[in-house]
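The values are calculated or read from the model by the stated rules, or taken from the named source; none is laboratory data. Here the structure is a predicted model, which is why all the values come from computation and not from measurement. Cβ placement follows ideal geometry from the backbone for every residue including glycine, while neighbour counts extend to all protein chains displayed. Each accessible area value is taken on the protein alone, full model and side chains, heavy atoms only, with ligands, DNA and RNA left out. Shrake-Rupley method; radii C 1.70, N 1.55, O 1.52, S 1.80 Å.
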Amino acid sequence: MEINLKTRKNTYFHCGGPAKDIAFDIAKIQEMAELIPALLLEAQSKEFKRENVIPFKVENAESVCKTKIPRNYGLFVIKMIECTSLGVKNMAYIDDDYALDLRSKLTCEIFNQFMDKDFKEK
């Protein structure tokens, strides 16, 4: 989920999965859409009434890659976050066929990022 405070919108990213899970997620995001403005008003120390809180809009993200393999959900979410942060809008290349290669690249990136430079095998 992406929360945009400027446009007052929550964007829901999902990679597939059972419809009941998606419906559950959307219900929780709707709750967040009402909670976030109330928290912002509270942080500004303003008095507010629940009926005066204008909820954020909730929308589904477009061009989101889908997977049929449950173990790829987290992998796809990580890649979508990376693409979104870099401004990449076309995520069509992220698919189940690409997942194994992506998993290997991410593993190497994480290993290199956190590997102690002075590490020596004993």
ask   = Quick one: ranking Tyr98, Tyr12, Tyr93 by accessible area, 1.4 Å probe, largest first, what do you get?
value = Tyr93, Tyr98, Tyr12
ask   = Out of (i) 11, 32, 26, 19, 9, 2, 0; (ii) 13, 38, 36, 12, 1; (iii) 12, 43, 33, 11, 0, which label holds the value of P(r) over Cα pairs in 10 Å bins from 0, in percent that was computed here?
value = (i)
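Which entries of Lys20/Lys79; Lys68/Lys105; Lys9/Lys66; Lys6/Lys105; Lys9/Lys89; Lys66/Lys105 have Cα-Cα distances beyond 28 Å here?
Distance filter (> 28 Å) returns Lys6/Lys105.
Contact order normalised by length for the chain, with contacts defined as Cα pairs under 8 Å and 6 or more residues apart; what percent is it? Provide the component values of the computation, followed by the final result.
On the way: 110 pairs, mean separation 30.4, N = 122.
Worked out over the chain, it gives 25 percent.
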task = Excluding Lys105 itself, calculate the net charge of residues whose Cβ lies under 12 Å from the Cβ of Lys105, where each Lys or Arg counts +1 and each Asp or Glu counts -1.
result = -1
note = Connecting every pair of Cα atoms under 10 Å apart in the chain and solving the GNM, the largest mean-square fluctuation among Ile94, Ile110, Ile69 falls on Ile110
message = Looking at the chain as a GNM with Cα springs under 10 Å, which of Phe24, Phe76, Phe13 has the largest mean-square fluctuation?
response = Phe24
key: Selection from Phe24, Gly87, Ile3, by position along the positive dipole direction of the chain (Cβ)   = Ile3
inquiry  = If you roll a 1.4 angstrom probe over the protein chains with everything in place, what fraction of the accessible area of the chain belongs to carbon and sulfur, to the nearest %?
reply    = 57 percent
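Per residue, how much accessible area does the chain have with a 1.4 Å probe, in Å²? Each step should come with its number before you reach the end.
Values: 9450 Å² over 122 residues.
Here the residues of the chain average 77 Å² of exposed surface.
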request  = Specify the residue with the greatest mean-square fluctuation among Gly74, Gly87, Gly16, computed from a Gaussian network of the chain linking alpha-carbon atoms under 10 Å apart.
outcome  = Gly87
